[in-house]
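Taking it in order: structure first as structure tokens, then the write-up.
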Amino acid sequence: MILLGNTRLRLWLILVTALVMAFFASCAEVPLTGRKSLRLVPEHEVLSLSFQQYNEVLKKSTLSKDKEKVEMVRQVGRRIARAAEEFLEDQGLGYEIEHYQWEFNLIENDKVVNAWCMPGGKVAVYTGILKYTKDEAGLAVVLGHEVAHAIAHHGNERMSEALLANFGGMALSVALANRPTRTRQLFMAAFGVGANVGFLLPYSRIQESEADHIGVVLMARAGYDPRAALSFWKRMRKTSSKRPPEFLSTHPAPETRIKRLMGYVDEAMQYYRG
């Protein structure tokens with residue numbers, strides 16, 4: 001029994017040591033905000049998965065045939081992409097530009113109010129969001145935000161967070177190996193809730209705020225008035241249905257988001273040249 005306990009203890013220590021080493025070895029800095037972020041997944045793996053997933057989504061979707069709307073999405077997208085590359089150059093990250101294969105597509109689905117950007121610059125906009133963006137400036141808010149997720153490597157970070165949470169669960173399972181089965185189940189359930197509310201969701205909200213911050217700078221650099229971000233999110237707030245408490249949400253509450261955006265917009269105005 002003592003030998004078994006020592007073996008489990010050694011295994012637990014190995015897991016924790018590996019976890020700590022991976023954490024410090026894989027920390028990178030988010031441009032503009034300077035926050036340290038975790039990137040455990042090799043970039044080439046992230047890009048490969050991203051491009052594959054993007055192609056699968058396009059195959060299953062109906063692309064818009066409205067030439068005017070499609071061209072608007074692509075034109076605004078190109079301007080945001082150029083601004084993103086200039087931003088990376090200014091941040092000393094010009095070597096990352098080669099990772100991006102920019103592509104902007106409009107998916108015909110008026111029921112979906114959404115847009116997203118995969119790592120590597122593959123972007124999809126759903127027609128359902130256009131009634132809220134209203135014009136090119138409103139669309140630039142959305143595309144600036146989504147492209148910001150990509151250049152801040154939030155996709156890699158979220159994958160890394162999930163791996164880290166699973167890894168921590170493995171370590172906890174080993175540490176509780178001698179406890180009664182019911183006790184272990186309760187501890188593991190508590191760990192799952194704690195990891196989600198205490199770790200994964202707060203990081204998701206941090207990433208959303210970072211994307212707002214970087215996004216308004218990108219749209220300003222692309223020649224769009226960053227003050228349009230406040231108007232857009234106020235329109236979105238009016239359409240919000242009943243929301244969960246902020247601490248249980250992946251996105252900041254609308255009021256919190258708008259309040260923070262006021263400061264971001266003031267900063268972004270120095271880049272805006274009309």
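The values are calculated or read from the model by the stated rules, or taken from the named source; none is laboratory data. Please read these numbers as outputs of a predicted model, since none were measured by experiment. In this analysis, Cβ positions are derived from the backbone assuming ideal geometry, glycine residues included, and neighbour counts consider all displayed protein chains.
Check whether at least one residue in region 226-233 is under 21 Å from residue 30 (Cβ atoms), at pLDDT 95 or above and either outside any loop (DSSP other than H, G, I, E, B) or within 21 Å of the chain's Cα centre (by Cα) (or both), and report yes or no. So that I can check it myself, show each step before the final result.
Start the filter on region 226-233 by keeping residues that are under 21 Å from residue 30 (Cβ atoms), which leaves 226, 229.
Filter once more, keeping what is at pLDDT 95 or above: 226, 229.
If we keep only those that are either outside any loop (DSSP other than H, G, I, E, B) or within 21 Å of the chain's Cα centre (by Cα) (or both) as well, we get 226, 229.
Checking region 226-233: at least one residue is under 21 Å from residue 30 (Cβ atoms), at pLDDT 95 or above and either outside any loop (DSSP other than H, G, I, E, B) or within 21 Å of the chain's Cα centre (by Cα) (or both).
Is one or more of the residues making up region 58-69 buried (at least 19 other Cβ atoms within 10 Å of the Cβ) and more than 21 Å from the chain's Cα centre (by Cα)? Checked against the condition, which is being buried (at least 19 other Cβ atoms within 10 Å of the Cβ) and more than 21 Å from the chain's Cα centre (by Cα), region 58-69 yields at least one hit.
For residue 28, the test of being over 17 Å from residue 147 (Cα atoms) and assigned to a strand (DSSP E or B) is passed.
Does residue 142 meet the test of being more than 9 Å from the chain's Cα centre (by Cα), of a type outside the set (Gly, Ala, Ser) and modelled with pLDDT of 95 or more? Steps first, please.
Details: more than 9 Å from the chain's Cα centre (by Cα): yes; of a type outside the set (Gly, Ala, Ser): yes; modelled with pLDDT of 95 or more: yes.
The answer is yes for residue 142.
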